[in-house]
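The values are calculated or read from the model by the stated rules, or taken from the named source; none is laboratory data. No experiment lies behind these values; they were computed from the predicted model shown. Don't worry about glycine lacking a Cβ; one is built from the backbone with ideal geometry, like all the others, and counts go over all protein chains shown.
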Amino acid sequence: MGISELLLFVAVAYGIGFWLQNKVDFLRGKFELVDKGLDCTFCTGFHAGWISSLLVFVLSLTAWKLNWLLVPKAIAFGFAAAASNYIIDTVVRYLESRIEPPPEE
């Protein structure tokens, strides 16, 4: 895996995680466990990671080589995405807290 694939994976995982946490309102309010998972950046990042690994890596294969090795690979990328989503989200929240709102006219 090259640096461009890694950056693509991180961007896709963060995008999916952000989308699940902030834009998919129909998932909220039905089950307490789902609500807790969506409130947790690390948890949502994990699920965004394995989904991203399927989108970025499995679908880019020229010859479909589906085997059991995809499962541990998806889990590993899930944890990698969980960590990167948590780091990115923490940095973004910090930066947002440092921005002053525009003065009212």
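Residue-wise test of (1) under 21 Å from V71 (Cβ atoms); (2) surrounded by fewer than 15 Cβ atoms within 10 Å (Cβ to Cβ); (3) not basic (K, R).
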| position | (1), (2), (3) |
| --- | --- |
| F18 | no, no, yes |
| L27 | no, yes, yes |
| L33 | no, yes, yes |
| G37 | yes, no, yes |
| C40 | no, yes, yes |
| T44 | yes, no, yes |
| L54 | yes, yes, yes |
(request) Identify, from the list L20, L27, L6, the residue that is without any contact (Cβ under 8 Å) to a residue 40 or more places away in the chain and farther than 19 Å from F79 by Cα. (result) L27
(request) Scan segment 22-44 residue by residue and report those that are part of a helix (DSSP H, G or I) and in contact with an Asp or Glu (Cβ under 8 Å, 6 or more places away or on another chain). (result) T41
(message) Exactly one condition in (1) within 26 Å of F18 (Cβ to Cβ); (2) modelled with pLDDT under 80; (3) of a type in the set (S, T, Y) is false for T62; which is it?
(response) (1)
(request) Report whether or not V92 is of a type in the set (V, I, T) and modelled with pLDDT under 85. (result) no
